[in-house]
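So the structure is just underneath, and the comments pick up after that.
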Amino acid sequence: MWNEIGSPEELDRFMERMYDFHDSCIKEMTYVSGASVDDKLYMYPLNDRRTLRVVIQRQFEDDPMIEMEFSKLRLLKLRPVDEKYTC
């Protein structure tokens, strides 16, 4: 079941429900740009989808796994604080 977050208030409620992702980790991410090359090697060069899906696992019985989808993504920066520890 997907729930859309469309306002700052809805985002605040979601983050409160998720305890600001305390005791959570990113398990996996998938990105779909929209660009592709077909079987005749013609390229469709437009990144018109830019959809990011993120699976987060949590140490909570309620909602132990959450999948989020971000549409029309414009920027993603991902850098672990500590490569040996932080997920």
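The values are calculated or read from the model by the stated rules, or taken from the named source; none is laboratory data. What you are looking at is a predicted structure, and each value in this text was computed from that prediction instead of being measured. Here Cβ is always computed from backbone atoms with ideal geometry, including for glycine, and neighbour counts include all displayed protein chains. When the accessible area is computed, the model is the full protein with side chains, heavy atoms only, and any ligands, DNA or RNA have been set aside. Shrake-Rupley method; radii C 1.70, N 1.55, O 1.52, S 1.80 Å.
Which residue is farthest from the chain's Cα centre (by Cα), if the candidates are limited to the range 66-86 and must be open to solvent by less than 100 Å² (accessible area, probe 1.4 Å) and farther than 18 Å from PHE14 by Cα?
The qualifying residue farthest from the chain's Cα centre (by Cα) is ASP82.
Hey, can you tell me all the residues within the range 43-65 that are within 15 Å of the chain's Cα centre (by Cα), polar (S, T, N, Q) and more than 20 Å from ASP23 (Cα to Cα)? Residue satisfying the conditions is THR51 alone. For the range 30-61, the set of residues classified as assigned to a strand (DSSP E or B) and open to solvent by 70 Å² or more (accessible area, probe 1.4 Å) consists of THR30, TYR31, VAL37, MET43, TYR44, ARG53, GLN57, listed by residue number. When restricted to residues that are surrounded by 12 or more Cβ atoms within 10 Å (Cβ to Cβ) and either among the hydrophobic types (A, V, I, L, M, F, W, C) or assigned to a strand (DSSP E or B) (or both), the range 1-23 contains 5.
In the range 64-82, is there at least one residue being of a type in the set (S, T, N, Q), without any contact (Cβ under 8 Å) to a residue 40 or more places away in the chain and part of a strand (DSSP E or B)? Checked the range 64-82: no residue is of a type in the set (S, T, N, Q), without any contact (Cβ under 8 Å) to a residue 40 or more places away in the chain and part of a strand (DSSP E or B). Residues in the range 17-52 that are within 14 Å of PHE70 (Cα to Cα) and of a type in the set (Val, Ile, Thr): THR30, VAL32, THR51. Reported count of residues in the range 46-69, each being closer than 20 Å to GLU4 by Cβ and in contact with a Ser or Thr (Cβ under 7 Å, 6 or more places away or on another chain), is 6. Return yes when ILE26 is at pLDDT below 95, surrounded by 13 or more Cβ atoms within 10 Å (Cβ to Cβ) and in a strand (DSSP E or B) and no when it is not. Considered against the rule, which asks whether it is at pLDDT below 95, surrounded by 13 or more Cβ atoms within 10 Å (Cβ to Cβ) and in a strand (DSSP E or B), ILE26 comes out as yes.
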